[in-house]
1. Here is a check on your reading of the model: is I215 in contact with a Leu (Cβ under 6 Å, 6 or more places away or on another chain) and either surrounded by 11 or more Cβ atoms within 10 Å (Cβ to Cβ) or among the charged types (D, E, K, R) (or both)?
2. Determine which member of the set P84, P108 is part of a loop (DSSP other than H, G, I, E, B) and either among the hydroxyl-bearing types (S, T, Y) or touching a Leu at 6+ places or on another chain (Cβ under 9 Å) (or both).
3. Among the candidates T103, T127, single out the residue that is in contact with a helix residue (DSSP H, G or I) (Cβ under 8 Å, 6 or more places away or on another chain), hydroxyl-bearing (S, T, Y) and exposed (fewer than 15 other Cβ atoms within 10 Å of the Cβ).
4. Out of (1) farther than 22 Å from N181 by Cβ; (2) in contact with a Gly (Cβ under 8 Å, 6 or more places away or on another chain); (3) open to solvent by less than 50 Å² (accessible area, probe 1.4 Å), what's the single condition that is false for F74?
5. Tell me, which strands (runs of 3 or more DSSP E) lie completely within the range 143-238 with 3 or more residues that are not small (G, A, S)?
6. Say we look at the range 1-23 and pick out the residues that are small (G, A, S) and open to solvent by 20 Å² or more (accessible area, probe 1.4 Å); which of these is farthest from L101 (Cα to Cα)?
7. Looking at this structure, is A27 more than 20 Å from I215 (Cα to Cα), modelled with pLDDT of 95 or more and touching an Asp or Glu at 6+ places or on another chain (Cβ under 6 Å)?
8. Whether any residue in the range 24-35 is of a type in the set (G, A, S), over 18 Å from F102 (Cα atoms) and surrounded by fewer than 14 Cβ atoms within 10 Å (Cβ to Cβ) is what I want to check.
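The values are calculated or read from the model by the stated rules, or taken from the named source; none is laboratory data. Note that the structure is a prediction, hence the values are computed from the model and not measured. A quick note on method: Cβ atoms are made from the backbone with ideal geometry, for glycine too, and the neighbour counts reach across all protein chains shown. Note: accessible area is taken over every heavy atom of the protein model, side chains too, but ligands, DNA and RNA are not part of it. Shrake-Rupley method; radii C 1.70, N 1.55, O 1.52, S 1.80 Å.
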Amino acid sequence: MIELTQQENLAIGNKEYIASLNEKDFARALLLSDSHGNPRVMQAIISRFGGECDCLCFCGDGLLDLVSCLELSFFDEEFGKSFPPALFFVRGNGDNSTTVLFTDKRIPLQVPEIQEFSLAGRRFMLTHGHRYGVYYGIKDLRAEAVRRGVSAVWYGHTHVPNSQRSHIKRDGRNDFLGVTNPGSCAEARGGMPNTFAIIDAHRDEDKNQCHYYRITQNNLGDYDFEEMPTPRGEIRLF
């Protein structure tokens, strides 16, 4: 169950646990974005997959959906067991910069534009992407990630799932940069289904894996999830 405490780096969870994620040889992240007013699908994803993940990463545009899930984790013990014990999240262009959790008390939260964190000895950057013109490509986003020295950047905004691994120069040596968009879990674009991703981050970078899942609803209105091939290639919407 997640500790509903916001730390200095604006992540939510237990401070010692968040720090321990960097010491792991392997950490699993549940990566969601762009729920746009559909907390039910977010709840379904967390209920099914959250218990096997070390952290939840939300790329923005659906802040109130995320808050709804955090509040449910407090009031519903079963759902609380499924919520990953650490949360990294950012503000989308449709989100506010502050919000409030209502549990047995009022908990004000600050919502960052960018959040950096460490998993399995590697540094990651989380952002929504609208500040970097991602509708037109990821050149500026990639440049910002290289400037910050992170191993990978995860973003949203386009509603199109995509994962790339680029060759870059870092401190005069050859290196790699991962760039991943989980797509939208509620309002997909570009002919894609609604999607999310699970990232397996390893200290040995060659073992890193990205698993994508398509989201469907059955005749009873319940959500079903099916693993799908990882979408790759440059994405431009205009």
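1. Values: in contact with a Leu (Cβ under 6 Å, 6 or more places away or on another chain): no; either surrounded by 11 or more Cβ atoms within 10 Å (Cβ to Cβ) or among the charged types (D, E, K, R) (or both): yes.
For I215, the condition - in contact with a Leu (Cβ under 6 Å, 6 or more places away or on another chain) and either surrounded by 11 or more Cβ atoms within 10 Å (Cβ to Cβ) or among the charged types (D, E, K, R) (or both) - is not met.
2. Details: P108 fails: part of a loop (DSSP other than H, G, I, E, B).
Of the residues listed, the single one that is part of a loop (DSSP other than H, G, I, E, B) and either among the hydroxyl-bearing types (S, T, Y) or touching a Leu at 6+ places or on another chain (Cβ under 9 Å) (or both) is P84.
3. Working: T127 fails: exposed (fewer than 15 other Cβ atoms within 10 Å of the Cβ).
Answer to the check: T103.
4. Only one criterion in (1) farther than 22 Å from N181 by Cβ; (2) in contact with a Gly (Cβ under 8 Å, 6 or more places away or on another chain); (3) open to solvent by less than 50 Å² (accessible area, probe 1.4 Å) is unmet by F74, namely (3).
5. The qualifying strands (runs of 3 or more DSSP E) are 162-170, 173-181, 194-202, 209-217, 223-228.
6. The first filter runs over the range 1-23 and keeps only residues small (G, A, S), leaving 11, 13, 19-20.
From the residues that got through so far, the ones that are open to solvent by 20 Å² or more (accessible area, probe 1.4 Å) too are 19-20.
Numbers: A19: 23, S20: 25 Å.
That would be S20.
7. Values: more than 20 Å from I215 (Cα to Cα): yes; modelled with pLDDT of 95 or more: yes; touching an Asp or Glu at 6+ places or on another chain (Cβ under 6 Å): yes.
In short, yes.
8. Within the range 24-35, the subset of a type in the set (G, A, S) is 27, 29, 33, 35.
Adding the requirement that they be over 18 Å from F102 (Cα atoms) leaves 27, 29, 33, 35.
Filter once more, keeping what is surrounded by fewer than 14 Cβ atoms within 10 Å (Cβ to Cβ): none.
No, because not a single residue in the range 24-35 is of a type in the set (G, A, S), over 18 Å from F102 (Cα atoms) and surrounded by fewer than 14 Cβ atoms within 10 Å (Cβ to Cβ).
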